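A short reminder: the numbers here are calculations on the coordinates, not readings from a lab. Quantities reported herein were computed from a predicted structural model and do not represent experimental measurements. Methodologically, a virtual Cβ is constructed for each residue, glycine included, from the backbone with ideal geometry; neighbour enumeration extends over all protein chains shown.
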Amino acid sequence: KNQVEQSPQSLIILEGKNCTLQCNYTVSPFSNLRWYKQDTGRGPVSLTIMTFSENTKSNGRYTATLDADTKQSSLHITASQLSDSASYICVVSGYNFNKFYFGSGTKLNVKP
Amino acid sequence: GAVVSQHPSRVICKSGTSVKIECRSLDFQATTMFWYRQFPKQSLMLMATSNEGSKATYEQGVEKDKFLINHASLTLSTLTVTSAHPEDSSFYICSAVAGANFYGYTFGSGTRLTVV
């Protein structure tokens, strides 16, 4: 069964600290993995996208890693800011690019 | 690039009326568009997949007669919630993909529907 699991479900950190969010998937065959940031009441915005041959991708303070062998990905946020407070969603695409599998998201709360 | 515009961002309607939500790909041609529904504190739930010029494919449990989807052009898909009820109140989000280019997979900004 194709699934995407994210952890933790929620996370509270202090401003300026780093954090790492996890995404494990069982989607096979695998095509792409994308991390999205969703602010409350807004649509998700893409942060990074990785294919099976890429194992790291950065976008400013966001760095995503991918281990296609263990089917694990992580999103590392460096020097967190209050504006990083949002839900972070991991989306995995199977070989049929029209099929996307969503994680349930990690709710990040950055406090001053 | 790859911008998807969704309109309206918020709408309040009376029970029994219909509401239309538009999803437009502004700078690319979207061969496929997706419609999602999101309840508070939950992840996105795929409602239907629409391909330009053909009937939408609905996910199990989604009433096709209640949620009418039209994808008449490569840049526009619409979702019409017919005979809306308070339980239809939710956050609706569209996304679009251009052909086999996965990089064209982009979400709209969402529509908050409140049925009173």
Across peptide A:41-54, what mean number of C-beta atoms from other chains lies inside 10 Å of a residue's C-beta?
-> 4
How much FRET efficiency would the formula 1/(1 + (r/R0)^6) give for B:Thr82 and B:Lys41, where r is the Cβ-Cβ distance and R0 is 35 Å, rounded to 0.05?
-> 0.80
Which Cys residues of the protein assembly as shown have no other Cys Cβ less than 4.7 Å away and so no disulfide-compatible partner by this rule?
-> A:Cys19, B:Cys13
Cα-projected label distance for B:Ser89 with A:Thr70, points at 7 Å along beta-carbon direction, nm = 4.5
Per-residue mean of C-beta atoms belonging to partner chains within 10 Å, peptide B:46-55 = 1
Over the range A:1-106, consider all pairs of different Cα atoms and compute the Kirkwood hydrodynamic radius from their mean reciprocal separation; express it in Å, one decimal.
-> 13.8
The range A:29-112: relative contact order in percent, alpha carbon pairs under 8 Å with at least 6 residues between = 30
Out of B:Leu46, B:Ser77, B:Gly110 - ranked by how far each Cα lies towards the positive end of the dipole of chain B, with unit charges on the beta-carbon of charged residues - the top one is B:Gly110
Please go through the residue pairs A:Lys107/B:Lys20; A:Lys17/A:Lys37; A:Lys1/A:Lys99; A:Lys37/B:Lys14 and name each one whose alpha carbons sit more than 23 Å apart in this structure.
-> A:Lys107/B:Lys20; A:Lys37/B:Lys14
For B:Lys64, which aspartates and glutamates qualify as cross-link partners when the Cα separation must be under 19 Å and same-chain residues fewer than eight apart are set aside?
-> B:Glu22, B:Glu52, B:Glu87, B:Asp88
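Report the extension gain between A:Leu82 and A:Ser31 in nm, rounded to one decimal, defined as 0.36 nm multiplied by the number of residues separating them, less their alpha carbon distance. Don't skip to the end; give the middle numbers.
Working: separation 51, 0.36 × 51 = 18.36 nm, distance 3.29 nm.
Net length gain for the segment: 15.1 nm.
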Hey, rough spin-label estimate for B:Asp65 and A:Asn55, points 7 angstrom out along Cα→Cβ, what's it come to in nanometres?
-> 5.5
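Counting partner chain Cβ atoms within 10 Å of every residue's Cβ in B:106-113, what's the average?
Working: counts 4, 9, 3, 6, 6, 1, 1, 0.
Per-residue shielding by partner chains comes out at 4.
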Which whole number in µm²/s is D for the range B:29-116 by Stokes-Einstein, with the Kirkwood Rh taken over Cα pairs at 37 °C and 0.692 mPa s?
-> 246
Would you kindly compute the Cα radius of gyration of the protein assembly as shown and its largest Cα-Cα separation (Dmax), both in Å?
-> 17.6, 52
